[in-house]
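Please read the structure below before turning to the comments.
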Amino acid sequence: MTPGKPTAHQQLYTDDYFAKGHWLLKIWQTLVALCGWVCVLVPVYITVRSFMGVQFGVFKPLWTYTEGIIEIKFLLVVILFMAVCAMIFSVSMSIIQNRKRDRLVEQWPTFNPIDQQKRAAELEAFMEKRFGDDEFRHHVRTYQVQSEQNLDTDAIHKLFGENDINQE
C-alpha cells in the first residue's frame, strides 16, 4: 500500500463502536446515550403532564406553580410566533425565487443550444473512436481501458477548442 493513496477498502475514519468486538465500549456508550435521553424525556414528560393537568384537568399534575404555567404559556406564544415568522419567510422566499426563475432561467437559455448540440456530437464521435460505439459502451459488462486510451486532463477542452465550440 502506498502512503497517502487510499485503497478501495481503506476508510478515512473509524469508529470502534461499530467494529467487531469492543463490547465494553458498546455497553458504556449505549448506557450514556440512554441516560442522556432519559435526562431529556423525563423533564419534558413532567412539564407536559403538569401543564395539561393544571390547564385542562386531563392528568393529575406533578406540580402546580403559577410561575411555571405562565412561563410555559409564554414559551408557547414565542414558539408559535417564531413558527409563523419562519413560515412567512419560507413562503415569501419561495415566491421570490419562483418569480426570478420564471423571468431569467425560462426566458433566456444559459447556453447556446446550437453549440451544445455540436459539442454533444463531437464528444460522441470522440468517445466512439476511443472506446467503441454507443451500444457496446452501454451494454458491456467489463471493459479494461488500455493505458493509451486514458484521457488527458484537458482532452475534452482541447477537442472542443480544435472544433471551435468551447464555452465562453
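The values are calculated or read from the model by the stated rules, or taken from the named source; none is laboratory data. Keep in mind the model is a prediction, meaning the values are calculated, not measured. Ideal geometry is used to build each Cβ from the backbone, glycine not excepted, and the neighbour counts take in all protein chains shown. Quick note on the areas: whole protein, heavy atoms, side chains included, nothing else; ligands and nucleic acids left out. Shrake-Rupley method; radii C 1.70, N 1.55, O 1.52, S 1.80 Å.
Do we have residue 46 as in contact with a Phe, Trp or Tyr (Cβ under 9 Å, 6 or more places away or on another chain), of a type outside the set (Gly, Ala, Ser), part of a helix (DSSP H, G or I) and in contact (Cβ under 8 Å) with a residue 24 or more places away in the chain here? Here the answer is no, as residue 46 does not meet what is asked. Of the set (1) at pLDDT below 95; (2) open to solvent by less than 70 Å² (accessible area, probe 1.4 Å); (3) of a type outside the set (Phe, Trp, Tyr), all apply to residue 48 but (2). Considering every residue within the stretch 21-32, establish whether at least one is closer than 30 Å to residue 160 by Cβ, at pLDDT below 95, open to solvent by less than 90 Å² (accessible area, probe 1.4 Å) and not in a helix (DSSP H, G or I). Scanning the stretch 21-32, I find no residue that is closer than 30 Å to residue 160 by Cβ, at pLDDT below 95, open to solvent by less than 90 Å² (accessible area, probe 1.4 Å) and not in a helix (DSSP H, G or I), so the answer is no. If you go through the stretch 61-89 and keep only what is polar (S, T, N, Q) and surrounded by 10 or more Cβ atoms within 10 Å (Cβ to Cβ), you end up with just 64.
Figure legend. Inter-residue proximity from the stretch 143-168: first residues exposed (fewer than 12 other Cβ atoms within 10 Å of the Cβ) and in a helix (DSSP H, G or I), second residues modelled with pLDDT under 85 and of a type in the set (D, E, K, R), beta-carbon distance below 8 Å, spacing 6+ or different chains. No pairs are indicated.
Residue-level check: of (1) under 32 Å from the mean Cα position of the chain (by Cα); (2) assigned to a loop (DSSP other than H, G, I, E, B), residue 103 misses just (2). Filtered by the rule that a residue be more than 17 Å from residue 163 (Cα to Cα) and of a type in the set (A, V, I, L, M), the stretch 126-143 gives a lone residue, 140.
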